[in-house]
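Taken together, the values in this text are just the output of simple stated rules run on the coordinates, not laboratory data. Everything numeric in this text was worked out from a predicted model, so none of it was measured. Please note: Cβ atoms are built from the backbone with ideal geometry, for glycine as well, and neighbour counts cover all protein chains shown.
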Amino acid sequence: MERFPFTLPQLEPGWVWLTGAGPGDPGLLTIEAFNGICQADVLVHDALISEEVLSLAPSSCEIFYAGKRGGKPSPKQLDISARLIKFAHAGKKIVRLKGGDPFVFGRGSEEALALVEAGIPFRVIPGISAGIGGLSHVGIPLTHRETNSAVTFVTGHGASGDIPDGLDWAALAKGSPVLVIYMALKHIAEIRSRLLNAGRMPNEPVAIVSKATLRDERVLETTLENCVNDLTENKIDPPAIVVVGDVVYLRDGLDWVGALSGRILCVDPLKTRVSRNVG
């Protein structure tokens, strides 16, 4: 790591680095994440970490899978935390690698508190959350002066597997011009109904971004009214981010990935889309 004109921290024995791996593309790892992975004795990773990222670890590094996937057998959170503590007590240098940012719908804070209780020193390495970086990658900005000055991040899948208790969907529908919904595909029909019942318009634009930033990334542009049927017909698989709001229209002008394949970008996407919808 001597190529950088600044000093990077050393991963010390007995420490755990809770590390965000970003939305998927290895190139979107932070320098700090790369630095930690290259020093690890033990790497404990989530389901969405690519083989390209795992291959950055030293050949001597022990790699353990600790992924959670909806509807499939998964390690219990207490067991994951206990494993981190065990490795730390053994004097290992541990990287706990989590997709996106470890503190955004990633249970990183639960693991950190378990380390605090056990007296284990730790560092948090932030990562690019898929709800920000993944949408930016496909040409959907989360804010734009002509559409919105606020955005709300929501999880569509709670700890119980159901839509999270305590979410006021009516307030979200009325108060937030743009909604970014993580882990929403399982309950997309119910989420759509709640938003429509709270007053969101049926023709409001929706984008569903699957496997953001990866080679098999897919983007489905639809509407709130049609999103369930379109999702089924297009066979979009998780992991996916759902974004609801007029910022989706901006993809007509900002889809830089599509432009590489010949897509003609629109100079004024908001005006064009609105005129088309009205007509």
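Close amide H pairs (under 5 Å, H built 1.01 Å from N) link Ile125 with Leu18, Thr19, Gly20, residues at least 5 positions away or on another chain. With the Kirkwood sum run over all distinct C-alpha pairs, the stretch 131-278 has a hydrodynamic radius of 15.5 Å. A DSSP coil position with no more than 11 other Cβ atoms inside 10 Å describes the following chymotrypsin sites (Phe, Trp or Tyr not before Pro) in the stretch 1-77: Phe6. With both bridge residues required to lie in the chain, what share of the DSSP beta bridges run antiparallel, to the nearest 5%? In the chain, DSSP labels about 45 percent of beta bridges as antiparallel. Highest mobility in the GNM of the chain, judged by mean-square fluctuation with C-alpha springs under 10 Å and restricted to Pro141, Pro239, Pro202, is found for Pro202.
Considering only Pro269, Val244, Pro9, the residue lying farthest towards the positive end of the dipole of the chain is Val244, judged by Cα position with unit charges set on Cβ.
The structure-derived value of Rg/Rh (Cα atoms, Kirkwood Rh) appears in the list (1) 1.01; (2) 1.05; (3) 0.96 under the label (1). Helix 269-278 and the longest principal axis of the C-alpha atoms of the chain enclose an angle of approximately 40°. The trypsin sites (Lys or Arg not before Pro) of the stretch 1-97 meeting both criteria, a DSSP state outside H, G, I, E and B (loop) and at most 14 other C-beta atoms within 10 angstrom of the site's C-beta, are Arg3, Arg69, Lys76.
5 Å is the cut-off here: which amide hydrogens, built 1.01 Å from N in the peptide plane, fall below it relative to Lys93, excluding neighbours closer than 5 in sequence? For Lys93, the qualifying residues are Gly14, Asp41, Val42. Which shape class applies to the stretch 187-266: rounded if a/c is under 1.5, otherwise prolate when a/b exceeds b/c and oblate if not, where a ≥ b ≥ c are the square roots of the Cα gyration tensor eigenvalues? It comes out oblate by the Cα gyration axes.
Taking other residues whose beta carbon is less than 10 angstrom from the beta carbon of Glu12, and scoring Lys, Arg as +1 and Asp, Glu as -1, yields +2. Largest GNM mean-square fluctuation across Val257, Val180, Val219, computed for the chain with C-alpha springs under 10 Å, falls on Val257.
Among Ser50, Ile128, Ile80, which residue has its Cα furthest toward the positive end of the charge dipole of the stretch 16-128, with +1 on Lys/Arg Cβ and -1 on Asp/Glu Cβ? It is Ile80, whose Cα lies furthest towards the positive end. Angle between the Cα long axis of helix 77-89 and the longest principal axis of the chain, 0 to 90 degrees, nearest 10? So the helix axis and the longest Cα principal axis differ by about 30 degrees.
A DSSP coil position with no more than 16 other Cβ atoms inside 10 Å describes the following trypsin sites (Lys or Arg not before Pro) in the stretch 139-207: Arg145.
Cα to Cα, under 27 Å, and not fewer than 8 places away if on the same chain: which lysines meet these conditions relative to Lys68? Straight-line reach from Lys68, under 27 Å: Lys76, Lys86, Lys92, Lys93, Lys98, Lys186, Lys211, Lys235. With point charges of +1 on the Cβ of Lys and Arg and -1 on the Cβ of Asp and Glu, referenced to the Cα centre of the chain, which listed residue (Leu231, Val95, Ala33) lies farthest in the positive direction of the dipole? Toward the positive end, the furthest listed residue is Leu231.
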